[in-house]
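Notes follow once the structure below has been shown.
The values are calculated or read from the model by the stated rules, or taken from the named source; none is laboratory data. Just so it is clear, the structure is predicted and the values come from calculations on it, not from any experiment. Note: ideal-geometry Cβ built from the backbone for every residue, glycine included; neighbour counts use all protein chains shown.
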Amino acid sequence: LSLSDCYAEDDIYRVVSERLATKGISKLYLCGKRGRIELSRLDRDASLANELFDDLQRGDVVKVEGLTQKGAGWRIGKEARVVAALADKV
């Protein structure tokens, strides 16, 4: 099953990379209905709404709301939400 088969929403993604961490920023690659995207969060933008981003690992399925486009990728800001998708659907 693909994510498209399990979820109608456009904001559901599967993590397809290991974490790429550099000074002040963390990045992951995710796949969903938009295709493969680069998702990043600045350390200063960490918040309760997006704290799950810190624990994401390859294979996890998440819902990400409130992204902003930044160059060729997408950014999680302080107000963006990252929540676990229902595991029983995949």
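Scanning the stretch 28-49 for residues that are surrounded by 15 or more Cβ atoms within 10 Å (Cβ to Cβ) and either assigned to a strand (DSSP E or B) or among the charged types (D, E, K, R) (or both) yields Leu28, Tyr29, Leu30, Cys31, Gly32, Ile37, Glu38, Leu39, Ser40, Arg41, Asp45.
Mind listing whichever residues of the stretch 27-52 are small (Gly, Ala, Ser) and under 11 Å from the mean Cα position of the chain (by Cα)?
Residues of the stretch 27-52 small (Gly, Ala, Ser): 32, 35, 40, 46-47, 49.
Gly32, Ser40, listed by residue number.
Being among the polar types (S, T, N, Q), modelled with pLDDT of 95 or more and touching a Lys or Arg at 6+ places or on another chain (Cβ under 8 Å) is the requirement here; does Ser4 meet it? Write out each step before concluding.
Details: among the polar types (S, T, N, Q): yes; modelled with pLDDT of 95 or more: no; touching a Lys or Arg at 6+ places or on another chain (Cβ under 8 Å): yes.
Here the answer is no, as Ser4 does not meet what is asked.
Filtered by the rule that a residue be assigned to a helix (DSSP H, G or I) and over 9 Å from the mean Cα position of the chain (by Cα), the stretch 53-69 gives Asp54, Asp55.
Scanning the stretch 7-24 for residues that are hydroxyl-bearing (Ser, Thr, Tyr), modelled with pLDDT of 90 or more and within 20 Å of Gly66 (Cβ to Cβ) yields one hit, Tyr13. For the stretch 50-69, filtering for residues that are loosely packed, with under 14 Cβ neighbours inside 10 Å and either farther than 14 Å from Val16 by Cβ or touching a Pro at 6+ places or on another chain (Cβ under 9 Å) (or both) leaves 5.
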